[in-house]
Structures are given as C-alpha cells and as structure tokens.
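The structure appears below as structure tokens.
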Amino acid sequence: MAQHLKLIALLIFTLSASYTSAQSLRKLLERPYGIIESKWEKDAQVDNPFKSASSYTFYRGKFPKDFNIQTPYALPVKNNQKTAWKTDPREPFKTLNFHIKQDDTIYATRSGIACKTTNPQQLLIYHPDQTFAAYLVMNENFIEPGEEVQVGQAIGKAGSTGAAISFFFLDENKFKGGLSSGYPYSHFIPVFRTTEGDVKPEEKTIYQAVTDHDLIMQDMSKRDKKKYMKLHNLK
C-alpha cells in the first residue's frame, strides 16, 4: 500500500513538472503586466480618432534584418566544461535541454538585454540581431529585467531537469496583413563554439565549451571592444 502511494505521488509530481515546463515558453512570451501601454490606456482624456476602444496584439521582438544562422553561440556551461543536449519533449516547440546538474550554474549563450517576464525563475534575453534565448524552469535567476548580459556570464542555477533553452525569432513570414496566422516565432538550433570549432551540435553528443575573447567581443560596440582589449592586454 505504501509503495502504491509512493508511485501515485511520483506520477502526480511528474505530470505536474511536465505541465509546468510545457507551459513555460508560452507564458514567457506573454505580455508582462504594465510593460507596454498605449496612449489610450495612459490617458483616458486623449481623444481617440477611432471613436471606439482601441486594441492591439502584443508580440515580443522585431523581425530580424541581419539574421545569420552561422553566428556562433557559447554553450551554457563554464569555459572548457563539457555538456550535451537533447530535445525537451515537454515543450511544444524546439527546446534544447542541456545536461547540467541541478543547482549548477548556467552561463549566457550570447550577449543581450534581459526582458521583463511574469516568472522570475525564467529568463528571456534579446540579442542584437533581434533573436531571443529563453532560459526555462531555472531554480534561480541572477539577472534583473533591463540588465545587459554578456556571453559567458553566470545567469542562474539549473533546475532538476538541467538547462532548457529555446532559441527563436519573430518570423515575418508567419504574418499576413499585420496579424499572425498562428504561432509567430521560428525556432532554430544555433552554431556553438567548441573545441571542435563552431559546430551545429548533434543531439546526445558531448561537446567541450570554448568561450574565447572573440566570442565575448562579438556583439560589442567598437568602443566597448577597445576597452575590453585594453583591459585584457589584447592587440
């Protein structure tokens, strides 16, 4: 009887964890309360030229103009550490679940700006080329909304299933007449910098991370590159 109850409890926990993860990406892309307001919402006295209540649909991001699938990313582990990934079956869209022990540190795969989210244990980073990285179901998030994040920076602690990360962008091809015809984002598997070079990693294959100066400076402005090179005595 006790064993039977244990099995039931384990099943409930598993289903609950799966449900939470399966909803995490969609929830992350929702509009957080108060992040955007139209002028009609801000000032009720403003004359509305449409003579009726205004409404709009909210989408995260902009359509990329210079998206390059060959742009290298860092693996979400410390420099020289090894990891592998597998597709997270609990997410309805492409999500890479990297093997990282629970409560071990997760590192940013690319530089960008942290977006506001409804769940503080999730992290959404917006990259300079209008792509996103969503870090899902973390046990702890080190980053505040609006904070600039550098590739290779410690950003949080892994959850019980590792580090689930999704890479995507707002896809103009999925819009007609200004409205999305369905799910408006396209997901992709980036090229990662490893000891084997910049490679698109195969699932369930171990790779060793390389987070070098070139990768760190990749998205920096010329001014910031000069400062970084001077700080690290680079030529």
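Assorted remarks:
- Inside segment 181-235, residues that are small (G, A, S) and open to solvent by less than 50 Å² (accessible area, probe 1.4 Å) make up a count of 4.
- Wholly enclosed strands (runs of 3 or more DSSP E) of segment 135-235 bearing at least 2 residues farther than 19 Å from P72 by Cα and free of Cβ contacts under 8 Å to residues at least 60 places away in the same chain: 154-157
- Residue check: A134 meets all listed conditions (1) closer than 15 Å to P190 by Cβ; (2) open to solvent by 20 Å² or more (accessible area, probe 1.4 Å) but one, namely (2).
- Residue in segment 139-151 that is crowded, with 22+ Cβ neighbours inside 10 Å and touching a Cys at 6+ places or on another chain (Cβ under 8 Å) present: no
- All of T109, T117, T105, T20 fail the test of being within 28 Å of I143 (Cβ to Cβ), over 15 Å from the mean Cα position of the chain (by Cα) and either modelled with pLDDT of 60 or more or among the hydrophobic types (A, V, I, L, M, F, W, C) (or both), apart from T105.
- Criterion: in contact with a Gly (Cβ under 7 Å, 6 or more places away or on another chain) and within 27 Å of K65 (Cβ to Cβ) - qualifying residue of I155, I216, I165, I189: I216
- Filter pass, K157 being of a type in the set (K, R) and touching an Asp or Glu at 6+ places or on another chain (Cβ under 6 Å): yes
- For L170, the conditions (1) touching a Phe, Trp or Tyr at 6+ places or on another chain (Cβ under 7 Å); (2) open to solvent by 20 Å² or more (accessible area, probe 1.4 Å) are fulfilled apart from (2).
- Checking every residue in segment 101-121 against the condition of being open to solvent by 60 Å² or more (accessible area, probe 1.4 Å) and among the hydrophobic types (A, V, I, L, M, F, W, C) gives at least one match.
- Condition check for L96: within 22 Å of Y183 (Cα to Cα), under 16 Å from the mean Cα position of the chain (by Cα), buried (at least 16 other Cβ atoms within 10 Å of the Cβ) and not small (G, A, S): yes
The values are calculated or read from the model by the stated rules, or taken from the named source; none is laboratory data. Model, not experiment: these values are computed from the prediction. Glycine also receives a Cβ, built like all others from the backbone with ideal geometry; neighbour counts cover every protein chain displayed. SASA here: full protein model, heavy atoms, side chains in, ligands and nucleic acids out. Shrake-Rupley method; radii C 1.70, N 1.55, O 1.52, S 1.80 Å.
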